[in-house]
Every structure is written in structure tokens, then in C-alpha cells.
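The block underneath contains the structure these notes are about, expressed in C-alpha cells.
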Amino acid sequence: MPMANADYDAKFMRWLYKYLPYIGAFMFFGQVLGPVVNLVRYSTGEKIQAQFVSKVRFATSNTSSRGIGQSDCAYNYRVPGFSQDPYLISGCFLAFARNPLPGDAVTVVVYQQDPSLIVSSVSFTPDYLRLITAVVGLLMLLLARTLVRRFGKVEL
């Protein structure tokens, strides 16, 4: 009986070592791609002066689970020519920028969609959860094969 468990463990570890870099790549690129796309949209779009209105934190449920890259704040802007204030959904705790204060003049890019897509400096600044997830994914991508070769002694 112990031999069957050893075979299963070896098969599972081979499978895990084989696919761990792909999981890491998915985690890394999933967290980096969104802010990069928003940065390109911001740098190539027509910039408009807007006024930051408020940041609304979404209500959370009783559970502590949270999806990868899930956002928990909405940033509301008053843009000239729009009857309703467009909003941008992003993380609350930004890693490299400060949250705008109500009444601040902000440069934004508005894409005419339904609803309108607004891009500001908040949209391409990752929050801490997104940043940590990207770092963990990068570590899984870069270190998985090295650790397996060094410590795993499992042929891939």
C-alpha cells in the first residue's frame, strides 16, 4: 500500500512541476496586462480635464475570499459634457500613486462606449494585491524549474 502512495505522489509532483511555470506566467501576465493596456490608452487618447468627485468603497461580504485582481473601489469623475459622472473601478490601496482627493483637477481620457470607459492615472497604477500577485507569479515562473532541478530530483 505505501508503494501506491509513493507512485501517486511522484506522478502528482511531476505534473505540478511541469505546469507550475505556466500557472506563474498566467498570474504574472494577468496582473500586468490590464495596467499596461490602460497606460497605452491613456498615453494615446485625447486628454480632458476633469474633476475628481469621490472614491466609493464597495461593500464586502462576510467571507474573506477575494478573486485575483478583484477591485474594491470606484473612482467617480465629473467630466464636462457628460450628464452622469463616469466612474473607474480600481483597487483602493494604490502602490505607486496617491489617491486623488475630492475636488482635485485630474487629466483623464474618455472612450465613448456604453457605458463610457474612463482612464486616469489610477487605472494604470497597480494596487498592492495586484502587485503581490504579479510578484508571486513571476517567482513561480522563474524559480519553479530551477528549484525542481536543484531539489526535486524528478525528471520532467
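The values are calculated or read from the model by the stated rules, or taken from the named source; none is laboratory data. Note that this is a predicted model, so its numbers are computed, not measured. Note: ideal-geometry Cβ built from the backbone for every residue, glycine included; neighbour counts use all protein chains shown. Areas reflect the complete protein model, heavy atoms only, side chains present, ligands, DNA and RNA absent. Shrake-Rupley method; radii C 1.70, N 1.55, O 1.52, S 1.80 Å.
Against the condition modelled with pLDDT of 75 or more and either surrounded by fewer than 20 Cβ atoms within 10 Å (Cβ to Cβ) or aromatic (Phe, Trp, Tyr) (or both), how does LEU147 come out, does it pass?
No: the conditions fail for LEU147.
Read through the list (1) at pLDDT 90 or above; (2) under 19 Å from THR125 (Cβ atoms); (3) open to solvent by 70 Å² or more (accessible area, probe 1.4 Å); (4) in the same structural domain as ASP104 (by the TED database), then give the number of the only condition that TYR87 fails.
That leaves (1) as the condition not met.
Is it true that some residue in segment 34-51 is outside the structural domain of THR146 (by the TED database), assigned to a loop (DSSP other than H, G, I, E, B) and either in contact with a helix residue (DSSP H, G or I) (Cβ under 6 Å, 6 or more places away or on another chain) or loosely packed, with under 12 Cβ neighbours inside 10 Å (or both)?
yes
Just checking, does segment 119-126 include any residue being closer than 20 Å to ARG57 by Cα and either in contact with a Gly (Cβ under 7 Å, 6 or more places away or on another chain) or surrounded by fewer than 19 Cβ atoms within 10 Å (Cβ to Cβ) (or both)?
The answer is yes; a qualifying residue exists.
Find all pairs meeting these conditions: Cβ atoms under 7 angstrom apart; at least six residues apart or on different chains; first residue within segment 111-138 and over 23 Å from LEU101 (Cα atoms); second residue of a type in the set (Ser, Thr, Tyr) and at pLDDT below 90.
Between residues of segment 111-138 that are over 23 Å from LEU101 (Cα atoms) and residues that are of a type in the set (Ser, Thr, Tyr) and at pLDDT below 90, there is no close pair.
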